[in-house]
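S.K.: For reference, the structure I am asking about is given below.
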Amino acid sequence: MEDTGKRPGGLTALAVINFILGGILLLGALGTILGKYGIEMSEKAIDERIRNDPNLVEREPQVAQQKEDLEMAKKILSDPTVRTLNLLGLIPTGLLIVSGVGYLKQKKMLGRTMGNLYAVITIVLGIAEIVLIDKEYTEGFGLASLIGFIYPVLTLFLLNVTFKDDLVE
Amino acid sequence: MKIHSRHLRLISMYWTRYAVRGGAGLVYLLLALLFGLIVAHIFEKQQEYLQENASLDPQMAVEIDRSVIQWVLDIETDRNPSVTGIPEPDPWTAYLLDERPALLSKIFLVLLFGMPFLISVLGFNQTAGDIQSRGLRYLMLRTERANIYFGRFLGSALFSTIVIAFLVATIAFYVGMKFRIYSAGALAVWGLYGFGVISILMLPYLAVCSAMSASVSSPFLSLAASKLIIVGVPIAAAIGKHNWEPLNNIKYLLPWGIQNYLMHPEWTHFLGAAAGCLGYTALFLMLGYIRFQRRDL
């Protein structure tokens, strides 16, 4: 019932998921870059409102909260560890897309090796995020980080067990 | 109908193993894990918020949960004041929120509602793809149609059960380790119960997918039809109810109307709901089988 030469449907699905995830992560990276400018613009707008109306904070306490939140976001984005990890996060994003192509072509190097590399780097970066980033900025290990580990762990299992003999070209 | 237990076992075991290779199982696995863990994460945040803000009255939070669950379960809210003057909680929500680990109960209720929407991703291509490619002809030289049809249903059900077991075990273990507000025994028992009811609930919806898959010759059409039926029935009932109350009974076309009783404290209600789910499963499976038996493959 199995044909090793033909690409299994699961491998195609894995490639499609890779492209979707890769696209989402790229948009996320773009959002981080644009977010920095967005924060600065919002901060300027709030400062100007306060300058024009000195009683604004007393009248609308949520403005002070907004300003505080923006300052925190700015602090997080300018943290060297966060910046380094954000930058390193681009590597698995690229590997996701490259390995997706490899799955479709059933290539050993482009598919299996790159896919494994993506999974290992993502797991290492995920652990680094939990361990290295200031607890003030993150929640530490939780269900959210567990969700982040699902796909790389599954990728490792699928590439080395389920589709081991399909990525040989 | 000739069913050979060995053929059935062989086909179902192969189908369970093939689920991930085929793609449908892989997508279902990912979606089920993502959905389940996101739901658990939302309730985790709620619990953390309660624990971090000591000024909040925990009983008030339980009462808010109780009101939401009463609305979800359609429980009449004529709470009679007891001798102390404090309204008595109704037995159903008291069972879910006070007697059992409340955090797990809330997660299970959302999973009971949401998991049927995902099951068509796993079950849509049990036979439709092979009917379209005419691949079933080769298989039929060696076994009966009944073995293929029921074997693949059992294989999909087994795969779904394994995924649910993994999901519920992860959530129960995490809740136990993180909050330490429930005893390990209570979590294990309630986790096992939740796993059981979600697994039973998947069967009738999977049977709908089996029937659709056997009735049409295109996997895409089978997926669309299964999704439309499973999603459409509760939506039609909800919309219909506002226009004419009896239209609410549309929900009984599928187990939507009875499935919440799987979490009921009374054993008679639970057994009735479980028997109902198995009855729906038998009905949809037989309808699909009749079509599969008669059609040109």
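The values are calculated or read from the model by the stated rules, or taken from the named source; none is laboratory data. These numbers were taken from a predicted model, which means no experiment stands behind them. Positions of Cβ are backbone-derived with ideal geometry, glycine not excepted, and every protein chain shown enters the neighbour counts.
S.K.: For B:Trp244, all conditions in the list (1) among the aromatic types (Phe, Trp, Tyr); (2) within 14 Å of chain A (Cβ to nearest Cβ); (3) surrounded by fewer than 19 Cβ atoms within 10 Å (Cβ to Cβ) hold save one; what is the number of the exception?
M.R.: Of (1) among the aromatic types (Phe, Trp, Tyr); (2) within 14 Å of chain A (Cβ to nearest Cβ); (3) surrounded by fewer than 19 Cβ atoms within 10 Å (Cβ to Cβ), only one is false for B:Trp244: (2).
S.K.: Is it the case that A:Leu125 is modelled with pLDDT of 85 or more, crowded, with 16+ Cβ neighbours inside 10 Å, over 16 Å from A:Ile17 (Cα atoms) and more than 14 Å from chain B (Cβ to nearest Cβ)? Break it down stepwise before answering.
M.R.: Working: modelled with pLDDT of 85 or more: yes; crowded, with 16+ Cβ neighbours inside 10 Å: yes; over 16 Å from A:Ile17 (Cα atoms): yes; more than 14 Å from chain B (Cβ to nearest Cβ): yes.
So A:Leu125 fits the description; yes.
S.K.: Of the numbered conditions (1) within 14 Å of chain A (Cβ to nearest Cβ); (2) surrounded by fewer than 19 Cβ atoms within 10 Å (Cβ to Cβ), B:Gly185 satisfies every one except a single condition; which is it?
M.R.: Looking at each condition in turn, B:Gly185 falls short on (1).
S.K.: Restricting attention to helices (runs of 4 or more DSSP H) lying wholly within segment A:2-105, give those where 3 or more residues are more than 16 Å from the chain's Cα centre (by Cα).
M.R.: Numbers: elements: A:9-52, A:56-59, A:61-78, A:80-88, A:90-105.
It comes to A:9-52, A:56-59, A:61-78, A:90-105.
S.K.: Residues to consider are B:Leu103, B:Leu109, B:Leu97; find the one that is within 14 Å of another protein chain (Cβ to nearest Cβ) and assigned to a helix (DSSP H, G or I).
M.R.: Numbers: B:Leu109 fails: within 14 Å of another protein chain (Cβ to nearest Cβ); B:Leu97 fails: within 14 Å of another protein chain (Cβ to nearest Cβ).
Sole residue among the options that is within 14 Å of another protein chain (Cβ to nearest Cβ) and assigned to a helix (DSSP H, G or I): B:Leu103.
Yes/no per residue for (1) out of contact with any Phe, Trp or Tyr (no Cβ under 8 Å at 6 or more places or on another chain); (2) under 30 Å from B:Gly23 (Cβ atoms):
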| position | (1), (2) |
| --- | --- |
| B:Met177 | yes, no |
| B:Gly191 | yes, yes |
| B:Phe220 | yes, yes |
| B:Val231 | no, yes |
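S.K.: Name the residues in segment B:284-297 that are touching a residue at least 40 places away in the same chain (Cβ under 8 Å) and in a helix (DSSP H, G or I), would you?
M.R.: B:Phe284, B:Leu285, B:Leu287, B:Gly288, B:Tyr289, B:Arg291, B:Phe292, B:Gln293 - these are the residues of segment B:284-297 that are touching a residue at least 40 places away in the same chain (Cβ under 8 Å) and in a helix (DSSP H, G or I).
S.K.: Would you be able to say whether some residue in segment A:149-164 is over 18 Å from A:Ala29 (Cβ atoms), loosely packed, with under 14 Cβ neighbours inside 10 Å and more than 14 Å from chain B (Cβ to nearest Cβ)?
M.R.: No, because not a single residue in segment A:149-164 is over 18 Å from A:Ala29 (Cβ atoms), loosely packed, with under 14 Cβ neighbours inside 10 Å and more than 14 Å from chain B (Cβ to nearest Cβ).
S.K.: Let me ask something additional. Could you check segment A:120-169 and list, in sequence order, the residues that are within 20 Å of the chain's Cα centre (by Cα), assigned to a loop (DSSP other than H, G, I, E, B) and in contact (Cβ under 8 Å) with a residue 40 or more places away in the chain?
M.R.: Here is the first cut: in segment A:120-169, the ones within 20 Å of the chain's Cα centre (by Cα) are A:120-156.
Narrowing further to those that are assigned to a loop (DSSP other than H, G, I, E, B): A:133-142.
Of everything in segment A:120-169, those that are within 20 Å of the chain's Cα centre (by Cα), assigned to a loop (DSSP other than H, G, I, E, B) and in contact (Cβ under 8 Å) with a residue 40 or more places away in the chain turn out to be A:Ile133, A:Asp134, A:Tyr137.
S.K.: Please state which of the following conditions B:Ile38 fails to meet, knowing it meets all the rest: (1) away from chain A (no Cβ under 14 Å); (2) within 19 Å of the chain's Cα centre (by Cα); (3) modelled with pLDDT of 90 or more; (4) surrounded by fewer than 16 Cβ atoms within 10 Å (Cβ to Cβ).
M.R.: Evaluating B:Ile38 over (1) away from chain A (no Cβ under 14 Å); (2) within 19 Å of the chain's Cα centre (by Cα); (3) modelled with pLDDT of 90 or more; (4) surrounded by fewer than 16 Cβ atoms within 10 Å (Cβ to Cβ) leaves (1) as the failure.
S.K.: Hey, could you check segment B:260-281 for residues that are without any contact (Cβ under 8 Å) to a residue 60 or more places away in the chain and of a type in the set (Gly, Ala, Ser) and say which is surrounded by the most Cβ atoms within 10 Å (Cβ to Cβ)?
M.R.: B:Ala273
S.K.: Return yes or no: is B:Leu50 within 24 Å of A:Glu139 (Cβ to Cβ) and touching a Phe, Trp or Tyr at 6+ places or on another chain (Cβ under 9 Å)? Full working, then the answer.
M.R.: Details: within 24 Å of A:Glu139 (Cβ to Cβ): yes; touching a Phe, Trp or Tyr at 6+ places or on another chain (Cβ under 9 Å): no.
For B:Leu50, the condition - within 24 Å of A:Glu139 (Cβ to Cβ) and touching a Phe, Trp or Tyr at 6+ places or on another chain (Cβ under 9 Å) - is not met.
S.K.: Quickly run through segment A:128-145 and pick out the residues that are within 14 Å of chain B (Cβ to nearest Cβ) and among the small types (Gly, Ala, Ser).
M.R.: Answer for segment A:128-145, where residues must be within 14 Å of chain B (Cβ to nearest Cβ) and among the small types (Gly, Ala, Ser): A:Gly140, A:Gly142, A:Ala144, A:Ser145.
S.K.: Next question, about the same structure. What are the residues in segment A:4-27 that are more than 16 Å from B:Gly129 (Cα to Cα), within 12 Å of another protein chain (Cβ to nearest Cβ) and modelled with pLDDT under 90, if any?
M.R.: A:Thr4
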